[in-house]
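Written out below as structure tokens is the structure these notes cover.
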Amino acid sequence: MKFNSDVKILDIDLSNETIEERILPQEITNLYPDGTAFGLYLLLQEVDQDVNPLAPANILIFTYMESVGSKKPGDYLVITTKSPLNNSIGDSKVMSALPNLLRIRDIYAIIFRGKAKNPVYLYMEGENYSIRGAQAIWGRVSDEAARIIKKEVKEDALEIALIGPAGENMVKYSCIISMTNRASGRSGTGAVMGSKNLKAIVIKKSK
């Protein structure tokens, strides 16, 4: 996957509830031309090797890569973090609709850092991003939480990646669920998401 321009990253500090747009030059992204390599690059740049995977100093990276040699071309959502399972680099890939929604916003990666004081989720509508309270859905299984989110934002056309009670309780092999039944199950990514009090990423689909 080659880029013809610089790329945008959303850098989200959950401790301070701030969202910053960062620009990475094209030459860097073209050195690491897929989500796995790019996520690894960001992780090695940002996280000290001695960090506890479930501590606020760890980061959780959402990016993507194109499928190769598939009869049904699409995109893999790639989630990279320091794994609580092996205390080393971990990533998880799953076919998902999220990458296309990020691409049309010119976003190549989302970095979550820190830990929210209370449960939250990220909501994206067009070019607007907000961190919203998730107390009403904390403790809910994934499909139930998704229904509550849709009712809360008064919108059915959403793409959601979220954790259930296992992730909230930092079970080390817990998953992040997208597209209702796609599980990012390797490396304990759900546990890291739960350690940050982050319940979900919610993106409103474009018309």
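Rule-based calculations on the coordinates, nothing more; no lab input. In this text the structure is predicted, and so the values were computed from the model without any measurement. Every residue, glycine as well, gets a Cβ built from its backbone with ideal geometry; the counts of neighbours run over all protein chains shown.
So the values come out like this:
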| read-out | value |
| --- | --- |
| Residue of V120, V47, V78 that the Gaussian network model of the chain assigns the largest fluctuation, springs spanning Cα pairs under 10 Å | V47 |
| Selection of trypsin sites (Lys or Arg not before Pro), segment 17-104, meeting DSSP coil and at most 15 other Cβ within 10 Å | K71 |
| Candidates P33, P56, P119, ranked by Gaussian network fluctuation over the chain, Cα under 10 Å, top entry | P33 |
| Overall form of segment 112-156 per C-alpha gyration tensor (a/c, 1.5; a/b vs b/c) | oblate |
| Net lengthening on full extension, R22/Y173 (0.36 nm per residue, minus Cα-Cα) | 51.3 nm |
| Along the chain, longest interval not containing exposed GluC sites (Glu not before Pro), exposed being DSSP loop plus at most 16 other Cβ atoms within 10 Å | 18-126 |
| Relative exposure of D11, D48, D143, D75, judged by other C-beta atoms within 10 Å (fewest first) | D48, D143, D11, D75 |
| Stokes-Einstein diffusion coefficient of segment 20-106, Kirkwood radius over Cα pairs, 10 °C, 1.306 mPa s, in µm²/s | 114 |
| Potential lengthening between L40 and T180 on full extension [0.36 nm per residue; Cα-Cα distance subtracted] | 47.7 nm |
| Taking N as its residue count, the alpha carbon Rg of the chain over 2.2 N^0.38 Å | 0.94 |
| Length gained when the stretch N100-S15 is fully extended (0.36 nm per residue, less Cα-Cα span) | 27.8 nm |
| For the chain, built as a Gaussian network whose Cα springs stay under 10 Å, the top-fluctuating residue of L158, L24, L43 | L24 |
| Spatial separation of Cα centroids for segment 30-56 and segment 76-150, in angstrom | 17 |
